[in-house]
Amino acid sequence: MYDSAKLRCPRCESIDLSRLISQVAIPKSKRDYRGMSSREMLSVLESGESSQVDEMFQQVTSGALPDQEAAASEASTDDSNAT
């Protein structure tokens, strides 16, 4: 009959595979917090649901560029030094 096909690593062409992962499911967020108005974000904070608050902060802070974070940090330091 037919020989069974040998699976190969797409990177190194090795046939010494221990596990084949064919599909991976990545859950998406239920809400897009980055598109919310400040009033809607305040509503999430006031709800007191820690999972929603955490998810909102993760989404909002992951969208900031490192240069923007550094500039925001410098601005807050400058404001605290002003008297």
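Read-outs throughout are calculated quantities, based only on the coordinates presented, and are distinct from any laboratory measurement. Quantities reported herein were computed from a predicted structural model and do not represent experimental measurements. Quick reminder, even Gly has a Cβ in these numbers, built from the backbone with ideal geometry, and neighbours come from all protein chains shown.
Along the range 40-54 the Karplus relation, 6.51 cos²θ - 1.76 cosθ + 1.60 evaluated at θ = phi - 60°, assigns HN-Hα couplings of 5, 5, 4, 4, 5, 4, 6, 5, x, 7, 4, 5, 5, 4, 4 Hz to successive residues, with x for each Gly and Pro.
Our estimate of slack between Val24 and Ser62, defined as 0.36 nm per intervening residue step minus the Cα-Cα distance, is 11.5 nm. Sorted ascending by nearby beta carbons within 10 Å, beginning with the fewest, Glu49, Glu13, Glu55 become Glu13, Glu49, Glu55.
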